[in-house]
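Visitor: Starting off with a structure, shown below.
The values are calculated or read from the model by the stated rules, or taken from the named source; none is laboratory data. As the structure is a prediction and not an experimental result, all values here were calculated from the model. Here the Cβ is made from the backbone with ideal geometry for all residues, glycine too, and neighbour counts use every protein chain on show.
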């Protein structure tokens with residue numbers, strides 16, 4: 001690694017690839033582009049934009065990101081086959097900085113039951129796939145899927161061969177989140193001690209969170225010599241998720257005394273990225289989530305509050321501003337103008353959404369301000385996420401009326417929707433008001449998806465608070481989350497249901513082959 005800064009940790013974000021594989025997470029092209037732009041702006045080194053062989057939609061997304069991103073390296077994933085690698089190379093071709101990330105399983109369990117290949121055949125595949133990928137780009141990364149459960153001698157042989165074949169980055173994944181920090185650190189140290197040409201590559205790690213140790217394992221690996229960490233915004237990912245980018249970055253920044261390593265990430269953009277990914281995927285960030293949770297900088301205990309009032313560092317090891325939380329007390333109302341609204345959008349990290357989107361958001365804000373006395377930051381975030389980010393949806397709500405209560409049984413709904421540009425309307429009934437509204441949607445847009453989750457919470461305090469609704473649908477093994485907010489719970493519920501259906505339409509287009517679960 002003599003050609004790079006020994007103290008720089010490369011941040012490899014895989015929100016658009018591994019994050020999207022999380023059950024329920026699905027992103028359309030516009031959403032992927034928005035996330036990629038935020039990732040580039042915040043200084044992420046490598047953006048893994050997708051798995052091009054998976055579908056036409058995935059290929060298009062990687063290709064469009066490759067055209068737009070200028071500063072970050074754009075990476076595509078490929079299995080160890082010529083077809084995958086060729087498709088990946090085609091997708092990333094427009095990028096100024098491009099990387100092919102190819103992988104194959106190396107653990108005895110995976111080789112026997114998943115690949116049904118002998119170790120020597122896998123070894124040959126490593127050399128063959130990396131050499132072939134190098135014919136398209138000088139930047140090739142090779143991953144040993146299930147690396148933490150691979151026999152060490154065999155792993156060292158494969159790593160040496162991959163580097164000799166031209167891989168500049170070697171990734172050792174803890175694919176199933178099985179490793180303990182001291183164990184994983186020892187594995188990385190073993191590779192540095194054993195592989196003779198290891199100084200010719202950057203060692204990377206990709207840790208899953210099945211035991212809640214993804215960040216701890218990643219940091220342990222950095223201490224052992226790894227200089228790339230693969231992570232996602234909000235820790236999004238399959239099963240229990242991945243190492244969270246925000247936790248990795250802030251741990252390195254906060255504990256620089258023990259870990260004198262740095263990243264190029266603009267930490268003040270962390271909340272902006274977190275909110276965007278949460279809104280796009282429908283995965284609400286838990287309140288006590290480190291760094292980006294609603295309670296991460298909240299202090300309710302009397303002892304804590306007393307300490308905070310005397311000196312913030314008594315209970316805060318980092319400032320809210322360092323991750324993009326502002327201390328603005330500006331509360332908007334119905335008399336607030338465009339200028340104040342635009343300034344608030346900038347404070348909340350939405351300064352780049354474009355003039356048309358600002359106008360749409362401002363109109364929605366005025367409508368909301370007529371219903372609420374005070375409009376808080378959380379209201380603005382919910383409004384922008386709900387109104388601005390979904391303008392290209394195939395299904396859109398026009399109007400909804402619901403009649404319910406003790407004197408109106410069964411509840412009745414009247415719904416008007418736009419479906420692929422055509423306005424349709426119907427009346428329906430149900431066991432309750434939500435059921436009546438959902439039945440109307442199903443009548444206008446017949447589908448076989450089953451409701452797996454319906455969840456409501458208030459965006460802010462007070463009886464006039466917006467309701468934020470999350471809906472999870474499942475169809476043929478595909479799971480999607482929909483999310484929406486409105487002061488009317490029934491409207492929010494119907495919007496969330498329609499949002500989930502829009503995501504399901506995107507998901508239907510994808511029929512991904514077996515991907516890297518690391």
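Visitor: Looking at 5, 58, 18, 45 in this structure, which one is surrounded by fewer than 24 Cβ atoms within 10 Å (Cβ to Cβ) and either assigned by TED's automatic domain parsing to the domain that holds residue 482 or modelled with pLDDT under 95 (or both)?
Guide: Only one candidate passes the filter, namely 5.
Visitor: Out of region 29-42, which residues are surrounded by fewer than 18 Cβ atoms within 10 Å (Cβ to Cβ) and farther than 25 Å from residue 394 by Cα?
Guide: Selection gives 41 alone.
Visitor: With region 424-514 as the region, which strands (runs of 3 or more DSSP E) entirely inside it contain at least 3 residues that are surrounded by 19 or more Cβ atoms within 10 Å (Cβ to Cβ) and in contact with a strand residue (DSSP E or B) (Cβ under 6 Å, 6 or more places away or on another chain)?
Guide: 467-475, 478-486
Visitor: Can you say whether residue 133 is buried (at least 21 other Cβ atoms within 10 Å of the Cβ) and farther than 16 Å from residue 172 by Cα, as far as the supplied structure shows?
Guide: yes
Visitor: Restrict the check to region 59-73 and report whether at least one residue is under 30 Å from residue 475 (Cβ atoms) and not in a helix (DSSP H, G or I).
Guide: no
Visitor: Just a yes or no: is a residue in region 137-152 at pLDDT 95 or above, in the same structural domain as residue 78 (by TED's automatic domain parsing), over 18 Å from residue 213 (Cβ atoms) and assigned to a helix (DSSP H, G or I)?
Guide: The answer is yes; a qualifying residue exists.
Visitor: Kindly provide the set of residues from region 1-43 that are in contact with a strand residue (DSSP E or B) (Cβ under 9 Å, 6 or more places away or on another chain) and free of Cβ contacts under 8 Å to residues at least 24 places away in the same chain, ordered by number.
Guide: Scanning region 1-43 gives a single hit, 5.
Visitor: Among (1) closer than 23 Å to residue 268 by Cβ; (2) touching a helix residue (DSSP H, G or I) at 6+ places or on another chain (Cβ under 7 Å), where does residue 5 come up short?
Guide: Residue 5 satisfies every listed condition except (2).
Visitor: Ok, one more. Just to check your reading of the model, which residue among 163, 104 is part of a helix (DSSP H, G or I), closer than 24 Å to residue 48 by Cα, out of contact with any strand residue (DSSP E or B) (no Cβ under 6 Å at 6 or more places or on another chain) and touching a residue at least 12 places away in the same chain (Cβ under 8 Å)?
Guide: From the options 163, 104, the qualifying one is 163.
Visitor: Would you say residue 272 is touching a helix residue (DSSP H, G or I) at 6+ places or on another chain (Cβ under 9 Å), assigned by TED's automatic domain parsing to the domain that holds residue 174, modelled with pLDDT under 95 and under 20 Å from residue 385 (Cα atoms)?
Guide: yes
Visitor: Looking at the structure I just gave you, is residue 240 in contact with a helix residue (DSSP H, G or I) (Cβ under 9 Å, 6 or more places away or on another chain) and at pLDDT 95 or above?
Guide: In short, no.
Visitor: Filter region 210-240 for residues that are surrounded by fewer than 19 Cβ atoms within 10 Å (Cβ to Cβ), touching a strand residue (DSSP E or B) at 6+ places or on another chain (Cβ under 7 Å) and within 22 Å of residue 293 (Cα to Cα) and give the result.
Guide: Matches in region 210-240: 239, 240.
Visitor: What's the total number of residues in region 183-225 that are without any contact (Cβ under 8 Å) to a residue 60 or more places away in the chain and either outside the structural domain of residue 102 (by TED's automatic domain parsing) or part of a loop (DSSP other than H, G, I, E, B) (or both)?
Guide: 10
Visitor: Same structure, new question: Of everything in region 226-274, what is in a loop (DSSP other than H, G, I, E, B) and more than 18 Å from the chain's Cα centre (by Cα)? Give them in sequence order.
Guide: 226, 227, 255, 256, 257, 258, 259, 260, 261, 263, 264
Visitor: Here is a follow-up. Any idea which of (1) surrounded by fewer than 21 Cβ atoms within 10 Å (Cβ to Cβ); (2) closer than 27 Å to residue 97 by Cα; (3) under 32 Å from the mean Cα position of the chain (by Cα) is the one residue 151 doesn't satisfy?
Guide: (2)
Visitor: I would also like to ask the following. Taking residue 339 and the conditions (1) under 19 Å from residue 380 (Cα atoms); (2) at pLDDT 75 or above; (3) in contact with a helix residue (DSSP H, G or I) (Cβ under 7 Å, 6 or more places away or on another chain), which numbered condition does it fall short on, given that it satisfies the others?
Guide: Status for residue 339: all satisfied but (3).
Visitor: What's the total number of residues in region 74-101 that are touching a helix residue (DSSP H, G or I) at 6+ places or on another chain (Cβ under 6 Å), part of a strand (DSSP E or B) and crowded, with 24+ Cβ neighbours inside 10 Å?
Guide: Looking only at that region, the number is 4.
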